[in-house]
Amino acid sequence: MRIDPELAATLAAIVDEGTLDAASRRLQITPSAVSQRLKTLEQQLGRILVVRTKPARLTQAGEAVVRLARQVALLEHDALAGVGIDEAGAARRISIPLAVNADSMATWFLAPLARLSAAHDIDFDLHRDDQNFTARLLESGTVMAAVTSEESPVSGCSVSPLGVLEYRAMAEPGFAARWFPDGPTSTALAAAPFVDFDRRDTLQHEWLRAMAVAQEGVPRHYVPASHDYALAVTLGLGWGMVPLLQESAGLVPLGGPTLRVQLYWQQWNLRSELLDTIAVEVATEARRVLGGAPIIRRRTNPASRPNRGRAATG
């Protein structure tokens, strides 16, 4: 059995746009034609590929088909460039979906993408998530590559080290004077509010454990945006684990351990000149900003049957 690339691309458009109507506008065909293509593909495969919710949600079988569609589009783009059609200006722009954690996006990740966009006809589709969960977006076929804290390669992907994001417990001076007059003692830390990124962010929890303080019951504010998180700490909303790259002169360190998050670049294990070019540019910036190692294909996980904002591991 063969999967028609046009039908697979239609499924990818449905999940990217969220609805069949939106996919029809992108593909410049009628909604009924989109529906018919989807029905045909599901009948051919004997599988339900998408749950008709808003937005549309892929099933496990649908994820495998969308991953194929994205790989075909990438290889087609490379092939057209190889025969010089891109240089003639006749090729379509290609969308490259990537996953990245919020702190990387706010501090170093956008600069290499800007350089790449200036040199290539690329539309970047960024998916922001905690670096412990971006690998799941690779598994589902949602993205082609990801900044992740997972060293073990996702099925069908290669992994390379990028560098380390470092975090220190910081506070606004007035906040520190009010809540920690005798320093960040266990008693004071149990009462002082801190700023949490979201309910999956455990950086503050790990630091509290290192300071022999249980995080349960400690007051906290949730501020789920990297720039706003650092701003909230700077304004004295609470103390928080701030990336060294976002520290400002208006903050004072509370001491305790510096938490380090090792970041990796995972991408589809696919021979693509464009994807490799993106990987090299990202690694170059990571090496400059994070002190990362040059990008090398350290480990790969061959493709197999389908079976993780901030950080969850310091």
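Surface calculation, 1.4 Å probe, protein heavy atoms: residue 139 sits at approximately 90 Å² accessible. Residue 179 exposes around 70 Å² of accessible area when a 1.4 Å probe is run over every protein chain in place. Note on the chain: Cα Rg divided by 2.2 N^0.38 Å, N the number of residues, gives 1.14.
Given the protein chains as shown and a 1.4 Å probe, how many square angstrom of residue 38 are accessible, to the nearest 10? Near enough 0 Å² of accessible area.
If you take the Cα Rg of the range 94-170 and divide it by 2.2 N^0.38 Å, with N the number of residues, what do you get?
Values: Rg = 13.0 Å, N = 77, 2.2 N^0.38 = 11.5 Å.
Normalised by 2.2 N^0.38 Å, the Cα Rg of the range 94-170 equals 1.13.
State whether the range 35-127 is rounded, prolate or oblate according to the following rule on the C-alpha gyration tensor (a ≥ b ≥ c being the square roots of its eigenvalues): a/c under 1.5 gives rounded; otherwise a/b larger than b/c gives prolate, and the remaining case gives oblate. Can you show the working numbers first?
Details: a/c = 3.06, a/b = 1.38, b/c = 2.22.
In terms of gyration-tensor shape, oblate.
Using +1 at the Cβ of each Lys and Arg and -1 at the Cβ of each Asp and Glu in the chain, identify which of 152, 290, 43 lies farthest towards the dipole's positive end. Comparing the listed Cα positions along the dipole, 43 ranks first. For the range 220-267, the Kirkwood estimate of hydrodynamic radius, built from reciprocal distances between every pair of different alpha carbons, is 12.3 Å. A simple count of charges around residue 115, restricted to other residues whose Cβ falls under 10 Å of its Cβ and scoring Lys, Arg +1 and Asp, Glu -1, yields -2.
Give the residue from 222, 97, 133 lying farthest towards the positive end of the charge dipole for the chain; charges sit on Cβ (+1 for Lys and Arg, -1 for Asp and Glu) and the dipole is referred to the Cα centre. Selected residue: 133. Here the average projected area of the convex hull drawn through the C-alpha atoms of the range 200-294 stands at 8.3 nm². Rounded to the nearest 500, the helix-only mean residue ellipticity at 222 nm of the chain stands at -12000 deg cm²/dmol, with each DSSP H run of n ≥ 4 adding -39,500 (n - 2.57). Residues 6, 151, 63, 216, ordered by accessible area of protein heavy atoms at a 1.4 angstrom probe radius and largest first, appear as 216, 6, 151, 63. Taken along its principal axes, the alpha carbon cloud of the range 164-238 reaches lengths of 30, 25, 24 Å, longest axis first. Residue separation of residue 198 and residue 114 scaled by 0.36 nm, minus their Cα-Cα distance, works out to 27.4 nm of gained length.
May I ask you to give the average projected area over all directions of the convex hull of the Cα atoms of the range 128-270, in nm² rounded to one decimal? Before the final figure, lay out the partial values.
Details: hull surface 35.2 nm².
Hull-based average projected area comes out at 8.8 nm².
The values are calculated or read from the model by the stated rules, or taken from the named source; none is laboratory data. A quick note: this is a predicted structure, and the numbers were derived from the prediction, not measured. Glycine gets a Cβ as well: all are built from the backbone with ideal geometry, and neighbour counts include every protein chain shown. The accessibility values were calculated without ligands, DNA or RNA, using every heavy atom of the protein model including side chains. Shrake-Rupley method; radii C 1.70, N 1.55, O 1.52, S 1.80 Å.
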